[in-house]
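Undergrad: Got a structure here, written out as C-alpha cells. Questions coming.
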Amino acid sequence: MGELKLNSESSLKSEYDEWMTSKEAAGFLRIGVQNLLNMVSNGQVRYYKLGQRNRYRRSELEQLLLANARGGV
C-alpha cells in the first residue's frame, strides 16, 4: 500500500511542473539573462509566452542540461 502512495505522489509531481521567469531560468542555468534570451532567439531553449513575458518549465531546462552532457563515465 505504501508503494501505491509513492507512485501516486510521483505521478502528481510530474504532472505539475515549476514555471520560471527569465531571471529565474537564467539563474537555474547559471548564465546571464541576455545569454538565455540569445539562446531563446536561436531556438536552443523552449519558452512559453504569458502576455509579453517568457516563461520556462524547469523540467525542460533540466532536460536541456542533460541532453548536452559531455565526457565519459
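Undergrad: Within a 10 angstrom radius of the beta carbon, how do Leu29, Leu65 rank from fewest other beta carbons to most?
TA: Going from least to most buried by this count: Leu65, Leu29.
Undergrad: List, largest first, the extents of the alpha carbons of the range 17-67 along their principal axes, each in whole Å.
TA: Its Cα atoms span 29, 24, 18 Å along the three principal axes.
Undergrad: What is the packing order of peptides 56-63, 43-50, taking the mean over residues of other C-beta atoms within 10 Å and listing the highest first?
TA: Taking the mean over residues of other Cβ atoms within 10 Å, the ranking is 56-63, 43-50.
Undergrad: Then there is this: Pairs of Cα atoms under 8 Å, at least six residues apart: use those to get the relative contact order of the range 17-67, whole percent.
TA: 45
We did not get these values from a lab; they are worked out from the coordinates using the rules stated. Quick caveat: nothing in here was measured; it's all calculated off a predicted structure. Positions of Cβ are backbone-derived with ideal geometry, glycine not excepted, and every protein chain shown enters the neighbour counts.
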